[in-house]
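Structure first, then comments.
Computed from the coordinates by the stated procedures, all read-outs in this text should not be read as laboratory data. From a predicted model like this one, the values you see are computed outputs, not experimental measurements. Cβ: placed from backbone, ideal geometry, glycine included. Neighbour counts: every protein chain shown.
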Amino acid sequence: MSTTTPTTTNKKPGKDLYDYQKEALHNIFKSFENAPENHHLLFQLPTGGGKTVIFSEITRQFLKHYKKKVLIMTHRIELCKQTAKMLKEFAVDNKIIDSKASLDDQGEYDCFVAMVETLNNRLNDDKLDISDVGLVIIDEAHYNSFTKLFKFFDKSFILGVTATPLSSNIKLPMKDNYNDLIVGETINSLIENEYLAKANVYSYNVGLTSLEVGANGDYTVKSSEDLYTNTDMLSKLLQAYEERAKGTKTLIFNNGINTSLHVYDTFKRAGYPIAHLDNTNTKKERDLILKWFKNTPNAIITSVSILTTGFDEPSVKSIILNRATKSLTLYYQMIGRGSRILPNKSEFNVIDLGNNFHRFGPWGADLDWQRMFRAPNFYLDNLLSDEEIESNFRYELPADVKEEFSNTKEEDLYFDVKRVYIDAIQAGESSKKVLERSIEHHAKMCVENSEDVFDALILAKKLGGDIDDRIHRYSKCICKSTHNFIDWLQDDYRKKLNSHLRNNFDEIYEEIFGHPPVDE
């Protein structure tokens, strides 16, 4: 194709584009000029950057300058309606092709908006005339359902639009379907120039080694629900909300309907205003819930990824990732739901209960999208595994247990198993010295928070989680991690700790306090 690159300086219908949107528009049209008619171009822009605004203006100018029709594809009906509405703001008459749409009047329109499955059916039935479609725009292009339609448009320019140029299916990389990538404005730049709100991320360490990965490359719903519906995780979620998001409009994302229902019950019992939403809700139910959410200042919605696209509520102040994901796209989509800026909102909260922050880095990190597009496997293969992530965690005593050890300084509650192991080996000592020193450390904690040996033995029982964590780290150091061996070590450790307390309580007490325990 070749024609003069359109400009955006003249007054036109629709919205005034920001400078970075005008630059994107210029770059996209410039690629039109010398590209073959079947060129496939991918455009990346963060969620909240105005992708729909940009491709609506592209549509308007393409119709004006190239005199060919435009087809816009989405994967959800909500996105179809939003796109059609935006196009009308740019004075682009358009027709939505859904399952009920009559195509008798298709000759009257130059622009069509369609869901991918409906379009596929219409094209296979030869009920849609696409002979004069010069441009196909694909929203949320990282979904692979669109690629099956490319065969119908071998003489059309295809423009895919996405916030993350990584395929939703690791076996179908985007570089196989697109020739080039244009990278738009960065998240950091949009934040600095006050187009997006800044994310304040609070990451709570979670043990994820029980999760299983499915055929799609992400964690299975079943293994996620087994973890996230247990009492400890539900308590951690509620605690995190109360610490970081209480009183703010909040979205909670889960992996599984059952998990979301458990979350709903937990928050309802705690007296918080919450609604549950999933893809089984009727349109009427969904509309009522979203209307309630919009009009209730401290409302909470718990959902199952249904609000990751096609949903825009700028007043959201907190996002809770009550799930783990291996999908960078999903990670960015979920956080992006809170990034809309308002006059009284320049920041928002992100509470991460899936180690996603450790896996992907901060939202808006300086990612090399071009390299990711060209070599997606290089990026995916270099993501940290759950074991690697968790090896860097510090075990935190539960709040109620920590209160029982209030006489011990916060920094003295931690015992660095790996450091002690390295020091022992370098000193020529047996690795067993690590466990001996750990037992001595636990015993000191128990004694300095007890009046007698019986109190100390009771406290020792409350250190089960910390003991198990130390044994797990120790087993990694010595490269022996069979279940039977670890079970034996954990049991043996508890017995030796109790024995050490019984035999040495008075001596440890006097060493700590400078005098023997006082007999009543």
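Amide H to amide H distances under 5 Å link Lys326 with Tyr219, where only residues 5 or more positions off or on other chains count and H is placed in the peptide plane. Each of the peptides 54-67, 275-288 was scored by the mean count of other Cβ atoms within 10 Å over its residues; in descending order, highest first, they stand as 54-67, 275-288. Checked against a 27 Å cut-off, the cross-linked pairs Lys64/Lys95; Lys30/Lys326; Lys81/Lys236; Lys64/Lys88; Lys30/Lys317 give Cα-Cα distances beyond that limit for Lys30/Lys326; Lys81/Lys236; Lys30/Lys317. Expressed to the nearest 5 percent, the antiparallel share of DSSP beta bridges inside the chain is 5 percent. Find the centroid of the Cα atoms in the range 408-429 and in the range 271-342, then give the distance between the two in whole Å. Result: 44 Å between the Cα centres. With a cut-off of 19 Å, note down the residues of the range 367-394 whose backbone N falls inside the zone around a label point 7 Å from the Cα of Glu410 toward its beta carbon. Under 19 Å, as judged by backbone N against the label point of Glu410, lie 393-394 of the range 367-394. The calculated FRET efficiency for the pair Glu510 and Arg269, based on their C-beta separation and a Förster distance of 56 Å, comes to about 0.70. Length available on full extension from Ser391 to Asn258: 0.36 nm per residue minus the Cα-Cα distance, which gives 44.9 nm.
Applied to the range 454-467, the Karplus parametrisation 6.51 cos²θ - 1.76 cosθ + 1.60 on θ = phi - 60° returns per-residue 3J(HN,Hα) values of 5, 4, 5, 5, 5, 5, 4, 5, 7, 9, x, x, 5, 4 Hz, with x for Gly and Pro.
Summarising the label geometry, the points placed 7 Å from Cα in the beta-carbon direction at Lys67 and Ser346 lie 5.1 nm from one another.
Taking label positions 7 Å along the Cα-Cβ direction at both Lys155 and Arg374, the computed distance is 3.4 nm, reported to one decimal.
Out of the range 126-225, which trypsin sites (Lys or Arg not before Pro) are coil in DSSP terms and have no more than 10 other C-beta atoms within 10 Å? Counting only loop positions with at most 10 other Cβ atoms within 10 Å, the trypsin sites (Lys or Arg not before Pro) in the range 126-225 are Lys171. For Lys291, the aspartates and glutamates whose Cα falls under 14 Å of its own Cα, not counting residues fewer than eight places away in the same chain, are Asp312, Glu313.
For Val213 and Phe454, the FRET efficiency from 1/(1 + (r/R0)^6), where r spans their Cβ atoms and R0 equals 60 Å, is about 0.80.
Rounded, prolate or oblate for the range 154-216? Axes are the square roots of the Cα gyration tensor eigenvalues, ordered a ≥ b ≥ c, and the cut-off for rounded is a/c under 1.5. Cα axes put the range 154-216 in the oblate bin. Under the convention that each Lys and Arg Cβ holds +1 and each Asp and Glu Cβ holds -1, the size of the dipole of the chain around its Cα centre is about 2360 debye. A dipole drawn for the range 399-513 from +1 and -1 charges on Cβ atoms has a positive end, and of Ala424, Leu457, Asn504 the residue lying farthest that way is Ala424. Proximity of backbone amide H atoms, modeled 1.01 Å from N, is registered between Phe43 and Gly160, Val161, Thr162, Ile182 at under 5 Å, excluding neighbours fewer than 5 places apart on the same chain. For the range 195-376, taking the reciprocal of the average inverse distance between every pair of different Cα atoms yields a Kirkwood hydrodynamic radius of 16.7 Å. According to the calculation over all Cα-Cα pairs in the range 19-185, the P(r) per 10 Å bin from zero is 10, 43, 39, 8, 0 %. Distance between the 7 Å Cα→Cβ label points at Asp492 and Thr296: 5.5 nm.
Rounded to whole numbers, the Karplus 3J(HN,Hα) couplings from phi for the range 187-195 are 4, 4, 5, 5, 5, 4, 8, 6, 9 Hz, using 6.51 cos²θ - 1.76 cosθ + 1.60 with θ = phi - 60°, and x at Gly and Pro. Of all aspartates and glutamates in the structure, those lying under 16 Å Cα to Cα from Lys69, and not within fewer than 8 positions of it along the same chain, are Glu37, Glu57, Asp93, Asp105, Glu108, Asp110, Asp129, Asp132, Asp154. Between the C-alpha center of the range 177-220 and that of the range 477-497 there is a gap of 38 Å. Using the Cβ-Cβ distance between Ser99 and Asn169 with R0 set to 30 Å, the FRET efficiency works out to roughly 0.75. Projecting the Cα atoms of Tyr241, Gly336, Thr325 onto the charge dipole of the range 195-376 (Cβ charges, centred on the Cα centre) puts Gly336 farthest toward the positive pole.
Shown in residue order for the range 153-164 are the 3J(HN,Hα) couplings computed by the Karplus curve 6.51 cos²θ - 1.76 cosθ + 1.60 at θ = phi - 60°: 10, 6, 10, 10, 6, 10, 10, x, 10, 7, 7, 9 Hz (x for Gly and Pro). For Val201, the amide hydrogen comes within under 5 Å of the amide hydrogens of Val350, counting only partners 5 or more places away or on other chains and with H modelled in the peptide plane.
Computed from the alpha carbon positions, the gyration tensor of the chain leads to an equivalent ellipsoid with semi-axes of 56, 24, 20 Å, biggest first. When you count the other C-beta atoms within 10 angstrom of each residue and take the mean per peptide, 208-217, 298-307 line up highest first as 298-307, 208-217. Pair-distance distribution P(r) for the range 399-513, from all Cα-Cα distances in 10 Å bins starting at 0: 13, 45, 34, 8, 0 percent.
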